[in-house]
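A.B. asks: Dropping the structure in here first, questions after.
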Amino acid sequence: ALAHGRQTHILLAKGLGQELQHSIGGIVDQPAGKILDVTLETLQTSLAELQVTYEALQTQQDDLLEKHQQVLQERQRYQDLFDLSLQGALTTDGYGTITQANQAIAELIDIPLHHLIGKPILSFIPLANRGEFRQKLLSLQQDDRPQTWNLVLQQRLGQAVAARVRVKRCPPPYESEL
């Protein structure tokens, strides 16, 4: 909408320039006072039209800022729901690197939350289960529907924890969620 407003502004400015040129062309043979009066009148009209265009653009900008603020508030609300959920949740990128995690998953695998971000999800899968886990990840590439998996997660000190997880491949930038 803003780009359209700029195009309108440019077209309006071109039109005003042509109008001014036409007005001046028709009054060259007129006395200097008449030329000045017509030029001043044309400039006042142009200024008034530019003011209307400016006000319309300002209104569009205000609307965009308001919508942007609403989007930020919605995003924060969902981030709070993610962070405060009693169910463990994390997101990974396409390479399996954890990009986001909540406190519940950190407690489940007994790792401080700030240590999870940037770690490969595979590092929390016991070595004996990694082949099966990779196969499940590959299946996500073929199917965008949510899936439920039974997994074994490995805590910091090597303790195994059984987990039932809901998994869905998400379009970028989120890639996949566990």
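The values are calculated or read from the model by the stated rules, or taken from the named source; none is laboratory data. All of these numbers come straight from a predicted model, not from anything done at the bench. In this analysis, Cβ positions are derived from the backbone assuming ideal geometry, glycine residues included, and neighbour counts consider all displayed protein chains. Heads up: the accessible areas ignore ligands, DNA and RNA and are worked out on the full protein's heavy atoms, side chains in. Shrake-Rupley method; radii C 1.70, N 1.55, O 1.52, S 1.80 Å.
A.B. asks: If you keep only loop residues by DSSP, which chymotrypsin sites (Phe, Trp or Tyr not before Pro) in region 85-135 have at most 16 other Cβ atoms within 10 Å of their Cβ?
C.D. replies: Qualifying residues, ordered by number: 95.
A.B. asks: Run the numbers for residue 159 and residue 74: contour at 0.36 nm per residue of separation, minus the present Cα-Cα distance, in nm.
C.D. replies: 26.8 nm is the gain from fully extending residue 159 to residue 74.
A.B. asks: Along the charge dipole of region 31-72, which of 72, 60, 33 sits closest to the positive end, that is, farthest toward it, with unit charges on the beta carbon of Lys, Arg, Asp and Glu (+1, +1, -1, -1)?
C.D. replies: 33
A.B. asks: Counting only protein heavy atoms and using a 1.4 Å probe, what share of the accessible area of region 30-178 belongs to carbon plus sulfur, as a whole percent?
C.D. replies: Summing carbon and sulfur atoms, their accessible area is 56 percent of the total for region 30-178.
A.B. asks: At 1.4 Å probe radius, can you tell me the per residue accessible area of region 95-161 in Å²?
C.D. replies: With the other protein chains kept in place, region 95-161 gives 61 Å² per residue.
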